[in-house]
1. Which one of A:Ala233, A:Ala218 is of a type in the set (A, V, I, L, M, F, W, C) and either at pLDDT 95 or above or in contact with a Pro (Cβ under 8 Å, 6 or more places away or on another chain) (or both)?
2. Which residues, taken from the range B:188-202, are in contact (Cβ under 8 Å) with a residue 40 or more places away in the chain and among the hydrophobic types (A, V, I, L, M, F, W, C)?
3. Name every residue in the range B:109-124 that is facing chain A (nearest Cβ under 10 Å) and either among the charged types (D, E, K, R) or surrounded by 24 or more Cβ atoms within 10 Å (Cβ to Cβ) (or both), in order of residue number.
4. Considering only residues that are β-branched (Val, Ile, Thr) and either touching a strand residue (DSSP E or B) at 6+ places or on another chain (Cβ under 7 Å) or more than 18 Å from A:Ile92 (Cβ to Cβ) (or both), which ones fall in the range A:1-31?
5. Quick one: in the range A:99-147, which of the residues that are more than 16 Å from the chain's Cα centre (by Cα) and among the basic types (Lys, Arg) is nearest to A:Leu211 (Cα to Cα)?
6. Tell me, please, whether a residue that is among the hydrophobic types (A, V, I, L, M, F, W, C) and within 13 Å of chain B (Cβ to nearest Cβ) can be found in the range A:198-217.
7. Could you pull out every one of the helices (runs of 4 or more DSSP H) wholly within the range B:1-93 that has 3 or more residues that are surrounded by fewer than 17 Cβ atoms within 10 Å (Cβ to Cβ)?
8. From the list A:Ala255, A:Ala260, A:Ala233, pick out the single residue that is more than 17 Å from the chain's Cα centre (by Cα), farther than 28 Å from B:Ala157 by Cβ and touching a residue at least 40 places away in the same chain (Cβ under 8 Å).
There are 2 protein chains.
Amino acid sequence: MTRQELIALIRQRQSFLCIGLDTDPAKMPSHLQTDPDGIFHFNRAIIDATIDLCIAYKPNLAFYEALGLDGLRQLKLTMDYLHSLTQPVFTIADAKRGDIGNTSERYARAFLDPAGDFNFDALTVAPYMGIDSVQPFTAIEGKWVILLALTSNRGAADFQLTPDPNGTPLYQRVLQTSRQWGNTGNMMYVVGATQATMLTEVRRIVPDSFLLVPGVGAQGGSLDEVCRNGLNADCGLIVNSSRGIIYASSGADFAEAARAEALKLQQQMAQHLHR
Amino acid sequence: MTRQELIALIRQRQSFLCIGLDTDPAKMPSHLQTDPDGIFHFNRAIIDATIDLCIAYKPNLAFYEALGLDGLRQLKLTMDYLHSLTQPVFTIADAKRGDIGNTSERYARAFLDPAGDFNFDALTVAPYMGIDSVQPFTAIEGKWVILLALTSNRGAADFQLTPDPNGTPLYQRVLQTSRQWGNTGNMMYVVGATQATMLTEVRRIVPDSFLLVPGVGAQGGSLDEVCRNGLNADCGLIVNSSRGIIYASSGADFAEAARAEALKLQQQMAQHLHR
């Protein structure tokens, strides 16, 4: 999906919501726990209930890999289902990969190749290994790399905030340096919502880039604060919620409950888009 | 595998060689390229030809993921085969994972869980997200996290060498900070052989830790220099070679050619262990 298509989708759905498919068998309703395709059926029900309210889905690869080959089989069923729908939606592999150039090329193939098993639009990538670990993901037309800048977890403070001799924290160096590696049509950044005031600093360095903002909801971030500091003329935000939506109910009504939570966020987002 | 078992294995085989199973179908002999289990059969032949000369195998996950579910199926066959052998060997998932705590727990389960599909001894992890992204991997008895410190690629210079206000480069901060997150029995570090002179600095900070050293051979590092700067009383090194061994010949004699290359390295290593 191109940048223009993504912006058009945001305007059409009046939403910049991404739903994280961090699907945990132990948290699914009991009738799906005994279903051999339960994870796929859970995801499909969430997708059917929410696709008109969101613009992206983000499966977290760890949740599928933790179940071995069977988990990845059900991820493929989920992606095949998304690709079969007439409604367009942006898809993000939250995989946080990154390796030397010839290896990152393989990861690009694994997740972004239109002929591959998954064919995601975008992949999250860790910046620690630098330019050649990132550029292979920007080489595929219409596909995106989403580089970690500032994450929403406790450990973000360990290295991401470390200043250089000029006082520039590492996450800002990552933004400054990586701007040269791609463009606003193939590179986004992860910026955690729990650090929303730092969004102002991020926007100073990458005013036009899309930002993927996790951490709204269960991790404690505020949508209003994120919008105040992060929205730009093209929206420029993809805000993710995972647990707050997909586990809104643990009963048989999980999909309806997910829709209700997604609708609340979509309605808040629509207001922000009109300000 | 515990630290004591690893040290005993190194003494017994007179080797600290790790063979990287970066198996690329396009580089396999032609008779394996048409075999549906060709990757597994290639790996099995390499293992059979080299297991008495090395102490570890390191499949690079990207090479398997690039082939989709079928690639991961053949990785599982490879791991099942390694677990079926009477000769012990250390196994490293070169996957460079790392995510927020509840997600890293899933990656730990995916790769290190004895009841999982793979049951590796160790997993490579990127440090960018800090403490909670790393600690879940040290929580499983007898398993290891191998944290990226200084990598062997061009992009290593982008952020890993960035100094803090005291002049300490990021990779040294990673070593200093992460020492508190585990111990020498559950945490190792990746230190690229192409930067062998920096091994002296690394050894100053982590004198007793095992170091996984990629980049010997195809990437240009020198084994002698690595040993001069990196060996400690318990050996403390696992030196990896991938392409130089597994693609030593592209013909039907690939396994014999791999053995010959592995033997050269093992013989050099035996000499270094006796110095």
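The values are calculated or read from the model by the stated rules, or taken from the named source; none is laboratory data. Because the structure is a prediction, the values reported are computed rather than measured. Positions of Cβ are generated from backbone atoms using ideal geometry, with glycine treated the same way; all protein chains shown enter the neighbour counts.
1. From the options A:Ala233, A:Ala218, the qualifying one is A:Ala233.
2. B:Met188, B:Val190, B:Val191, B:Ala193, B:Met198, B:Val202 - these are the residues of the range B:188-202 that are in contact (Cβ under 8 Å) with a residue 40 or more places away in the chain and among the hydrophobic types (A, V, I, L, M, F, W, C).
3. B:Arg109, B:Ala110, B:Phe111, B:Asp113, B:Asp117, B:Phe118, B:Thr124
4. A:Ile7, A:Ile10, A:Ile19
5. Out of the qualifying residues, it is A:Arg109.
6. no
7. Answer list for the range B:1-93: B:3-13, B:30-33, B:68-84.
8. Unique residue meeting the criteria: A:Ala255.
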